[in-house]
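Only one structure is covered here, and it is reproduced in the block below.
The values are calculated or read from the model by the stated rules, or taken from the named source; none is laboratory data. Note that the structure is a prediction, hence the values are computed from the model and not measured. Quick reminder, even Gly has a Cβ in these numbers, built from the backbone with ideal geometry, and neighbours come from all protein chains shown. Surface accessibility is based on the protein's heavy atoms, side chains included, excluding ligands, DNA and RNA. Shrake-Rupley method; radii C 1.70, N 1.55, O 1.52, S 1.80 Å.
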Amino acid sequence: MTLPSPVDVSPTPVESRDERTLVRAVLALGLGGFSIGTGEFVIMGLLPEVARDIGVSIPQAGHVISAYALGVVVGAPVLAVLAAHWGRRALLMALMAVYALGNFASAIAPGYASLSAMRLLTGLPHGTYFGVAALVAAALAPPGRRGRAVGWVMLGLTTATLVGVPIAAALGEHFGWRAAFVFVGLIAVAAVVLVRCWVPAIPAAAGASPLRELGALARKQVWFTLGIGAIGFGGMFAVFSYIKPTLIEVAGMPSALVPFVLSLFGLGMVVGNVVGSRMADKALMPTVGKVLGWSIAVMVLFVPAAHHPVSAAVATFVLGTLVAIGPALQIRLMDVAGHAQTLAAALNHSAFNAANALGAWLGGVAIAAGWGWTSTGWVGAVLGLGGVGMYAWSLASERAALQQK
């Protein structure tokens, strides 16, 4: 059965849509993603320094990370709805300016409470920025290349784990953890400038309003797609959240080699993002299904692979490739959201942060139950199966809706 073409809700066409315009725009948007990715992950490697400086324990300092994630989950839908009528470029600049200010404020926060508050503030623009950036990239892309355009924007986030985080962490170690946030803030300022110079002025969709954006929440396929991301993508976080002790305690890897292996994870993310975006352009929903199946296989194989340093390093690289599902889910949300594009696109990142929380929590439950560090692989496999179930339910629901017409 042939499915109908998605509703065309692209913004008003831009006069110049040549290759140069697209490349410059995605570079500017990608730099913003690079700043966000660096700011989100760098604190994980500086927790001891943060804890010591603000006078709390390391676990308590970890709550600062949770505050940022909460900001992402809350900020994505709220800002997307409130700013639905804004022009795309103006909104992107405002979001990145808030992100820059949040990082500068984090760098001067005097204590635990103020730092937590600033990280919460900094997380607010995260999801909406990526959602709107994806909409802009897709609108500028020629037919058949939406997935790759969105992938290029997301490449900024994945490249941050490979390049930005090590640089920021080195600055934090040499000049204090506060220097890392200053570095991230400066990148965000540069992104504001490039977005202003290189991203075309695309208006919001005709008739856009907060009420119309909320209409996305009434669409079953939006919820199915978010469920696939929140559950099926959780497996990667179940394993990666505990990858360092797994590498040391199970694989017997020297702690000095762990940063190198973690860089392999970042490289895997880059590869997965590039491959996944190309696959999404060729066959969108089949790509989602294939990546979910790949995720289950990776999780199951991680369990035996974790017992040897070489195979554990390879498994860590492969784990990073699971981000291949990101561009496909982003495009799927654009296709099923109707006229509520901004909210649906932003909610994709709320779903990914929900996956982060769910995967890390369930992985911790399995370890605390005495099942061992590698039990996170089995947890990830179960979450992958949950994602497949949600995927199958989505397809069945879509077929049933078509048959009723």
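Remarks
- Convex hull volume of segment 292-359 per residue (C-alpha atoms, cubic angstrom): 86
- Average accessible surface area per residue within segment 160-212, 1.4 Å rolling probe, Å²: 46
- Over segment 253-391, accessible surface divided per residue gives 36 Å², non-protein components excluded, 1.4 Å probe.
- Peptides 347-354, 311-318, 198-205 ordered by packing proxy, namely the average of other Cβ atoms within 10 Å per residue, highest first: 347-354, 311-318, 198-205.
- Relative contact order [Cα under 8 Å, 6+ residues apart], segment 227-370, whole percent: 44
- Across segment 36-50, the residues whose backbone nitrogen lies under 19 Å from the label position 7 Å along the beta-carbon direction of Leu186 are 36-43.
- In the distance distribution for segment 107-197, Cα-Cα pairs more than 16 Å apart total 66 percent.
- Per residue convex hull volume, Cα atoms of segment 25-149, in Å³: 103
- Residues of segment 66-105: accessible area per residue with a 1.4 Å probe, Å²: 36
- Multiplying the residue separation of Ala90 and Arg278 by 0.36 nm and removing their Cα-Cα distance gives an extension gain of 64.8 nm.
- Rounded to whole Hz, the Karplus (6.51, -1.76, 1.60) HN-Hα couplings of segment 241-255, x for glycine and proline: 4, 10, 5, 5, x, 5, 5, 7, 7, 9, 7, x, 7, x, 4
- Calculated FRET value between Ala396 and Ala256, using beta carbons and R₀ = 60 Å, to 0.05: 0.75
- For Ile202, the residues whose amide H sits under 5 Å from its own are Arg88, Arg89, ignoring neighbours fewer than 5 places away on the same chain, with H placed 1.01 Å from N.
- Whole-Å semi-axes of the ellipsoid equivalent to the chain (Cα gyration tensor, √5λ, descending): 32, 27, 18
- Element breakdown for the chain at a 1.4 angstrom probe: carbon and sulfur atoms account for 71% of the accessible area.
- Neighbours of Leu194 by Cβ distance under 12 Å: Lys/Arg scored +1, Asp/Glu scored -1, total +3.
- Cβ crowding within 10 Å averaged over residues, with 91-103, 285-297 ranked highest first: 91-103, 285-297
- Entry note, segment 20-177: relative contact order of 41 percent, from Cα contacts under 8 Å with a spacing of 6+ residues.
- The calculated FRET efficiency for the pair Ile167 and Glu19, based on their C-beta separation and a Förster distance of 41 Å, comes to about 0.85.
- By average C-beta atoms within 10 angstrom, highest first, the peptides 394-403, 256-265: 256-265, 394-403
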